[in-house]
Amino acid sequence: MEIKRLEELLKVKTQRTMKLAVVACHDEEVLSAVVEAEKLGIAEPILIGHKEKTNVIAKEKGFDISNYEFIDEEDLGMAAEIGVKMVFGGKANFIMKGLVDTSILLKAVLNKEWGLRTDSLLSHVMTYDIPNYSKLIYLTDGGMNLHPSLEDKVKIIENAAIVTKSLGREEVKVACLAAKEKVDPKMIATVDAGELKNKYMEGEFSKGVIVDGPMALDLAVSKLSAEIKGYESPVAGDADILLVPNIEMGNGIGKSITYFAGGKSAGVVMGAKAPIVLVSRADDHESKLYSIALGSVVAAFKE
């Protein structure tokens, strides 16, 4: 069954509870989301971090974490290494960033010996629940890759498609965003979008993935705009994935959804052997909880 609202994620029951390695768990908002996720049966947490600080937070918030597996590690680099090795060794199904710099966690993830590298590319997928859109929409990549190449964009689309399919969407419609609908050699976003469409037409994407572009944002999400402009596409007005040409566009659209449109969000990094719940300190408790739920569903789907 397709999930069309983020709150539905909290009710999804996978065949077994996914184990979540939380790196640098001594953060109030992160711990709050993790505890609630455990209570809802979304994830079984493994806490890695400063035990004394974590216990102080738990006591102040009234959390009972006495039955949680806990690895006391104050060094952030070591905490990241422990978390990644747990996923690598099959002791955890996915991993979450706590009070640690993203660079420290990703350095461990990309370790050649015991990291979580694959042939794909790490890319960020934000899932948005927008009040006036009929379903969830997936934005990529507004958090990892600055100016992805054409081949990078192929991998970014496939990463996002896994997330979309894990939430029950069998036919995934991808809009390659640009400022205009015609390929213009002076605008690399349109050139890449045209090439990505060609690759789709030649059958180079996984089953169920439909890619079209270039197209402006209004055409991707509004059937009325597409009709007025005479733009015909199976993606127009019904996009699932918004592929942005650079991080600036992704960041801008994402922040606009959150602050102007009142959208709720959940985010994961894909392209590793397991999903990485990578949240911002500015994300509220609800967003962190949704992100854990999303990571759990994706982890179960990838097994």
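The values are calculated or read from the model by the stated rules, or taken from the named source; none is laboratory data. All values derive from a computational prediction rather than experimental measurement. No Cβ is skipped: glycine too gets one built from the backbone with ideal geometry, and neighbour counts run over all protein chains shown. Just so you know, the surface numbers come from the protein's heavy atoms only, side chains and all, with ligands and any DNA or RNA stripped out. Shrake-Rupley method; radii C 1.70, N 1.55, O 1.52, S 1.80 Å.
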Query raised in the report: Do we find a residue being out of contact with any strand residue (DSSP E or B) (no Cβ under 8 Å at 6 or more places or on another chain) and closer than 17 Å to residue 239 by Cβ anywhere in the range 197-213?
Result: no
Report summary line: Exactly one of 155, 135 is open to solvent by 40 Å² or more (accessible area, probe 1.4 Å), within 29 Å of residue 289 (Cβ to Cβ) and modelled with pLDDT of 95 or more, and that residue is 155
Report task. Among what's in the range 279-295 and is modelled with pLDDT under 95 and among the small types (Gly, Ala, Ser), pick the residue that is surrounded by the most Cβ atoms within 10 Å (Cβ to Cβ). Result -> 287
Report summary line: Out of (1) open to solvent by 10 Å² or more (accessible area, probe 1.4 Å); (2) touching a strand residue (DSSP E or B) at 6+ places or on another chain (Cβ under 9 Å), the one residue 67 does not meet is (2)
Query - Candidates 269, 244, 298, 211 - the one that is farther than 30 Å from residue 18 by Cα, under 17 Å from the mean Cα position of the chain (by Cα) and open to solvent by less than 10 Å² (accessible area, probe 1.4 Å) - result: 244
Query raised in the report: What about residue 93, is it open to solvent by 20 Å² or more (accessible area, probe 1.4 Å) and touching a strand residue (DSSP E or B) at 6+ places or on another chain (Cβ under 7 Å)?
Result: yes
Query raised in the report: Do we have any residue at all in the range 244-255 that's charged (D, E, K, R) and either farther than 19 Å from residue 148 by Cβ or touching an Asp or Glu at 6+ places or on another chain (Cβ under 6 Å) (or both)?
Result: yes
Query - Segments classed as strands (runs of 3 or more DSSP E), wholly inside the range 191-303, with at least 1 members that are in contact (Cβ under 8 Å) with a residue 60 or more places away in the chain - result: 241-243, 264-270
Report task. Collect the residues in the range 105-132 that are within 30 Å of residue 73 (Cβ to Cβ) and open to solvent by 50 Å² or more (accessible area, probe 1.4 Å), keeping them in residue-number order. Result -> 107, 110, 112, 113, 117, 118
Report task. Test residue 29 against the criterion of being acidic (Asp, Glu), closer than 27 Å to residue 103 by Cβ and within 20 Å of the chain's Cα centre (by Cα), and give yes or no. Result -> yes
